[in-house]
1. Considering region 96-125 alone, what residues qualify as being surrounded by 15 or more Cβ atoms within 10 Å (Cβ to Cβ) and farther than 19 Å from residue 61 by Cα?
2. State the number of residues belonging to region 114-148 that are in contact (Cβ under 8 Å) with a residue 40 or more places away in the chain and within 15 Å of the chain's Cα centre (by Cα).
3. For region 32-43, give me each residue that is in contact (Cβ under 8 Å) with a residue 60 or more places away in the chain and assigned to a helix (DSSP H, G or I).
4. Taking residue 77 as meeting all but one of (1) without any contact (Cβ under 8 Å) to a residue 40 or more places away in the chain; (2) surrounded by fewer than 17 Cβ atoms within 10 Å (Cβ to Cβ), write down the number of the exception.
5. Taking the stated definitions as given, is residue 67 surrounded by 13 or more Cβ atoms within 10 Å (Cβ to Cβ) and in contact (Cβ under 8 Å) with a residue 40 or more places away in the chain?
6. With 76, 68 as the choices, which residue is more than 16 Å from residue 14 (Cβ to Cβ) and not in a helix (DSSP H, G or I)?
7. With at pLDDT 95 or above and either more than 20 Å from residue 3 (Cβ to Cβ) or within 18 Å of the chain's Cα centre (by Cα) (or both) as the only criterion, which of 96, 111, 63 stands out?
8. Part of a helix (DSSP H, G or I), crowded, with 17+ Cβ neighbours inside 10 Å and touching a residue at least 60 places away in the same chain (Cβ under 8 Å), is that true of residue 151?
C-alpha cells in the first residue's frame, strides 16, 4: 500500500511524463514546419515513448489500489530559434526528469517502500539512456553545426536515431 505522499509524488511524475510527451510532440511539429523531417520523426517517436512512460506509472499506481490522477498540463513552447535550441531544451528537460525520478527513489527508500523503489529502477536506467541520447545529439550539433549543409546532414543523422530505435 502506498502512502498518501508517495501517491501524490507518483501522480506528479505521471503528469511530468505526460508533459514530456506533449513537449516532444510540439517540438516535432516545429521541426516538421521547418522542413526538418528527420528531427520531426525522431521527436514524434520520442513523444510516443514518453506516453509509454506515463502509462507505466499510471498502471503501477492503479495496481497498488491508489487512484492515478491526470491533471491539467501547461502548453509547451511552440517557437524555437533553431534546431540547436530544440535539442538543448530536450536535454535540459531530461535532466529535470532525472532529478524528479531521483527524488522519487529517495522518497521510496525513506519510506521503506521497497516495491516502489524496485519499480522505479527501470526509470533510473531509462533516464541514464535519455541523458546519453540527448547529450549525443548536442555533441553532433557541435561537430556538424546547423549552418548550410550542416543542418541537412544533422537532420539526417537524427533521422537515423529514429530508425535505430
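1. Residue satisfying the conditions is 98 alone.
2. Counting residues in region 114-148 that are in contact (Cβ under 8 Å) with a residue 40 or more places away in the chain and within 15 Å of the chain's Cα centre (by Cα) gives 7.
3. The first filter runs over region 32-43 and keeps only residues in contact (Cβ under 8 Å) with a residue 60 or more places away in the chain, leaving 36-39, 41-42.
Hits for region 32-43 are 37, 38, 39, 41, 42.
4. Every listed condition holds for residue 77 apart from (1).
5. Criteria not met by residue 67.
6. 76
7. Only one candidate qualifies: 96.
8. yes
The values are calculated or read from the model by the stated rules, or taken from the named source; none is laboratory data. Note that the coordinates shown come from a computational prediction; the quantities given were computed from them, not determined experimentally. Every residue, glycine among them, receives a Cβ derived from its backbone with ideal geometry; neighbour counts consider all protein chains shown.
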